[in-house]
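Below is one structure, written out as structure tokens; the observations come after it.
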Amino acid sequence: MKCEQDFVNFLQKLESYSGNILKGIGDDCSIVKFNNKKKYVFTTDTSLLGPHFTKDYSPEDIGYKCLATNISDIASMGCMPLYAMYALTLPKMSESWLKRFYKGSQKLLKQHKVSIIGGDTTRGPLSITIQMIGIQKHNILLRSGAKLGDDIYVTGTIGNARAALLSKKRTLAYSYFKKYLVNPTPRVALGLEISKFASSCIDISDGLAKDLKNIALSSDKGFVVNVDKIPLRPKFSHFIPEKLLEECILGGGEDYELCFTANNKYNNNINTISNKLKLKITKIGSITSKGYKYIKDGKAYKVKTKGYDHFSNR
């Protein structure tokens, strides 16, 4: 095994012992049905000092971001978050640090009415693992539902988190992009709205190119994307040189915006939702029968980035 996907592929071959599992390994969340009316989704994410947050993050920042990334997985399935379980590994027991950490989480816990229902605490290098449970009574979005001819959309603006990482600390550039890296916004309301008609969805955590490819692979389809259509913040090109554009918008992870597909008959619905939520939603391409094609400046564009992987990028 050389990368995360190799391990996922191995786990997918293991035998399942429950008929209530509607979706197991391989999506943003697993889906378990407990009765005919309710389906629950489960996800777990671990955040570590280094790849997910740095020493200059405040405890509040860590508390917020670790929870936001988990809620984003729930949002990408078109579901509503309900419960959270925290497993914390701490170098030492610090009442001050823990209170500040949970203060950072509190904004999202209160906003989405998420209850902490348990967890675990151990001693060691700082590590935050959160298990999140969500619910959806109707349609749950998967990566595998994209249909031939569907339009491809992204929410918000893309590439900001990577732009922050590439910018030097205490510069105007870092200040301009920092909130997107440190305090991402999980798109729960948007996920619930598009679950009524979208065919597939994923949150952009490992880079748009990799995450969109995950939709294509799961759906056994291809895609064409116009790079020039990918939405950027107004001053993006002022702070980030052209040579780093691809790394930011296609290879850079941690945007936690949603990438989803939908039949073009839902264009008006999407415009209405965009206005209702005051959230930019941009069409960047379409689903094809096969292949991964990018266009830039009206010409075919070869993408070099592979997106983030905890193992193959080392």
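The values are calculated or read from the model by the stated rules, or taken from the named source; none is laboratory data. All values derive from a computational prediction rather than experimental measurement. No Cβ is skipped: glycine too gets one built from the backbone with ideal geometry, and neighbour counts run over all protein chains shown.
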query: Just checking, how many residues over segment 5-59 are at pLDDT 80 or above, of a type in the set (D, E, K, R) and within 18 Å of the chain's Cα centre (by Cα)?
result: 1
field: Flag if Y64 is surrounded by 22 or more Cβ atoms within 10 Å (Cβ to Cβ), touching a helix residue (DSSP H, G or I) at 6+ places or on another chain (Cβ under 7 Å) and in a helix (DSSP H, G or I)
entry: yes
field: Given (1) among the charged types (D, E, K, R); (2) at pLDDT 95 or above; (3) assigned to a loop (DSSP other than H, G, I, E, B), index of the condition R314 fails
entry: (2)
- request: Look at segment 109-168 and say how many of its residues are surrounded by fewer than 16 Cβ atoms within 10 Å (Cβ to Cβ) and among the acidic types (D, E).
  value: 1
task: Look at R100 and say whether it is more than 30 Å from N269 (Cα to Cα), assigned to a helix (DSSP H, G or I) and over 22 Å from the mean Cα position of the chain (by Cα).
output: yes
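This table checks each residue for (1) at positive phi; (2) at pLDDT below 95.
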{"residue": "S127", "(1), (2)": "no, yes"}
{"residue": "A146", "(1), (2)": "no, no"}
{"residue": "G149", "(1), (2)": "yes, no"}
{"residue": "Y153", "(1), (2)": "no, no"}
{"residue": "F177", "(1), (2)": "no, no"}
{"residue": "A189", "(1), (2)": "no, no"}
{"residue": "F197", "(1), (2)": "no, no"}
{"residue": "I202", "(1), (2)": "no, no"}
{"residue": "L212", "(1), (2)": "no, no"}
message: Against the conditions (1) crowded, with 22+ Cβ neighbours inside 10 Å; (2) hydroxyl-bearing (S, T, Y); (3) assigned to a helix (DSSP H, G or I), where does S205 fall short? Just the number, please.
response: (3)
- request: State which residue pairs qualify: first residue on the phi < 0 side of the Ramachandran plot and not assigned by TED's automatic domain parsing to the domain that holds K221 and inside segment 266-295, second residue part of a helix (DSSP H, G or I) and β-branched (V, I, T) in any location, beta carbons under 9 Å apart, and separation of 6 or more residues or different chains.
  value: none
